[in-house]
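This report concerns only the one structure given below.
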Amino acid sequence: MSIPDLGFGTAAIMGRVSRRRGLAALEQAHVAGIRHYDTARSYGWGEAERVVGTFLRGRMREEIRLVTKCGIVPVPRSAVLGTAKAFGRLALSLAPGLRARGRQIASGKGFQPTYAADPVTLARSLQTSLEELGVSYVDALLLHNFSPGMAGLQEVVMWFAGLKQSGIIRRYGFSVEGDLNEGLSFLAHESLLADAVIQAPVSNTLLNLPKEWQNVPIIAHSPFEFLRAQSQITSLADLLRALGDACRCEAVVCSMFSPAHLKANVEAWQSSK
């Protein structure tokens with residue numbers, strides 16, 4: 001059994017979490033021993049990576065495992081968007097009950113990203129990510145909107161392979177949010193699974209992978225959504241052990257912006273070893 005690392009998820013930064021709070025949480029996570037950081041070009045409406053880049057300055061790059069994603073393009077930055085996000089954070093701090101209304105507004109047409117998986121668009125996205133993060137390479141680059149049968153996937157993988165050969169990325173892979181078995185089956189059939197890392201939410205499917213896929217590198221996310229949805233596994237420590245037994249899970253990513261939540265998660269991680 002190999003216990004997964006605990007990873008820090010940055011999806012909320014520059015969305016419901018301000019730059020100051022996000023940067024403080026990243027710093028606290030690093031002090032607590034977390035070295036896996038997960039971000040994406042689309043997080044925070046395109047602004048989360050810049051905060052992560054600020055956090056990375058002056059740190060030993062080789063000590064950090066940095067994962068980002070491409071394939072979802074955020075809406076352009078604007079004064080209107082910035083004001084809306086700031087107002088939303090203020091409203092939530094004053095009245096947490098407005099969270100559902102905030103999500104409804106954020107899902108409006110003017111705030112929605114676009115999906116693009118052509119190598120030209122992906123290359124622009126990656127270049128922006130590298131600039132925002134302030135790095136020359138990332139440890140893993142994932143296709144954010146992977147779905148079985150999507151057009152142009154072979155070309156994307158050829159582009160990934162070229163980036164790996166040049167050293168701009170160390171590994172590549174796919175973020176699978178739908179049916180995990182279906183996604184793995186498709187990738188295996190297309191001979192695209194052998195060199196890939198897969199990111200997927202924690203699920204019973206992940207905990208019961210067929211033997212043929214138990215050695216596929218996995219980055220799991222959303223552990224607490226899974227824990228709330230079932231009663232067989234009741235703690236993060238037990239879940240980390242279960243994932244270590246079930247598959248080659250390298251990291252479990254979650255948001256940890258509360259110091260108390262971070263402390264509890266790190267204690268569970270340490271106790272699971």
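The values are calculated or read from the model by the stated rules, or taken from the named source; none is laboratory data. Just so you know, these numbers come straight off a predicted model, no measurement behind them. Every residue, glycine among them, receives a Cβ derived from its backbone with ideal geometry; neighbour counts consider all protein chains shown.
Give the residue, chosen from E182, E190, E177, that is surrounded by fewer than 20 Cβ atoms within 10 Å (Cβ to Cβ), within 16 Å of F146 (Cα to Cα) and in contact with a Leu (Cβ under 8 Å, 6 or more places away or on another chain).
Testing whether each residue is surrounded by fewer than 20 Cβ atoms within 10 Å (Cβ to Cβ), within 16 Å of F146 (Cα to Cα) and in contact with a Leu (Cβ under 8 Å, 6 or more places away or on another chain) leaves just E190.
Can you tell me which of A194, A268 is outside any loop (DSSP other than H, G, I, E, B) and aliphatic (A, V, I, L, M)?
Exactly one residue qualifies, and that residue is A268.
Among the listed residues T121, T128, identify the single one that is at pLDDT 95 or above and surrounded by 11 or more Cβ atoms within 10 Å (Cβ to Cβ).
Only one candidate qualifies: T128.
What are the residues in the stretch 151-180 that are in a helix (DSSP H, G or I) and within 17 Å of S125 (Cβ to Cβ), if any?
Within the stretch 151-180, L153, E155, V156, V157, M158, W159, F160, G162, L163, K164, S166 qualify.
For the list (1) assigned to a strand (DSSP E or B); (2) farther than 17 Å from P4 by Cβ; (3) small (G, A, S), I need the number of the one condition that G183 fails.
(1)
List pairs: first in the stretch 26-39 and in contact (Cβ under 8 Å) with a residue 24 or more places away in the chain, second part of a loop (DSSP other than H, G, I, E, B) and of a type in the set (S, T, Y), Cβ under 9 Å, 6+ apart or cross-chain?
Final answer for the pair search is L26/T10; Y37/T10; D38/T10; T39/T10.
Which residues, counting only those in the stretch 209-249, are of a type in the set (D, E) and either closer than 19 Å to F174 by Cβ or part of a strand (DSSP E or B) (or both)? Give the derivation first.
Initially, the stretch 209-249 is screened for residues of a type in the set (D, E), giving 212, 225, 238, 245.
E212 - this is the single residue of the stretch 209-249 that is of a type in the set (D, E) and either closer than 19 Å to F174 by Cβ or part of a strand (DSSP E or B) (or both).
Going residue by residue through the stretch 161-171, is there one that turns out to be exposed (fewer than 14 other Cβ atoms within 10 Å of the Cβ), more than 22 Å from E62 (Cβ to Cβ) and at pLDDT 95 or above?
There is at least one residue in the stretch 161-171 that is exposed (fewer than 14 other Cβ atoms within 10 Å of the Cβ), more than 22 Å from E62 (Cβ to Cβ) and at pLDDT 95 or above.
Conditions: (1) within 20 Å of V138 (Cα to Cα); (2) among the small types (G, A, S); (3) surrounded by fewer than 20 Cβ atoms within 10 Å (Cβ to Cβ). S203 meets all but one. Number of the miss?
Every listed condition holds for S203 apart from (1).
I'd like the full set of residues that are touching a strand residue (DSSP E or B) at 6+ places or on another chain (Cβ under 9 Å) and closer than 14 Å to V216 by Cα, limited to the stretch 158-185.
Across the stretch 158-185, the qualifying residues are R171, Y172, G173, F174, S175, V176, L180, G183, L184.
Restricting attention to the stretch 155-188, which residues are of a type in the set (V, I, T) and more than 20 Å from the chain's Cα centre (by Cα)?
Answer for the stretch 155-188, where residues must be of a type in the set (V, I, T) and more than 20 Å from the chain's Cα centre (by Cα): there is none.
Just to verify a result, which residue in the stretch 131-144, among those that are closer than 20 Å to M158 by Cβ and buried (at least 18 other Cβ atoms within 10 Å of the Cβ), is modelled with the lowest pLDDT?
Restricting to residues being closer than 20 Å to M158 by Cβ and buried (at least 18 other Cβ atoms within 10 Å of the Cβ), the top hit is H144.
The conditions are (1) in contact with a strand residue (DSSP E or B) (Cβ under 7 Å, 6 or more places away or on another chain); (2) at pLDDT below 95, and A194 fails exactly one of them. Which is it?
(1)
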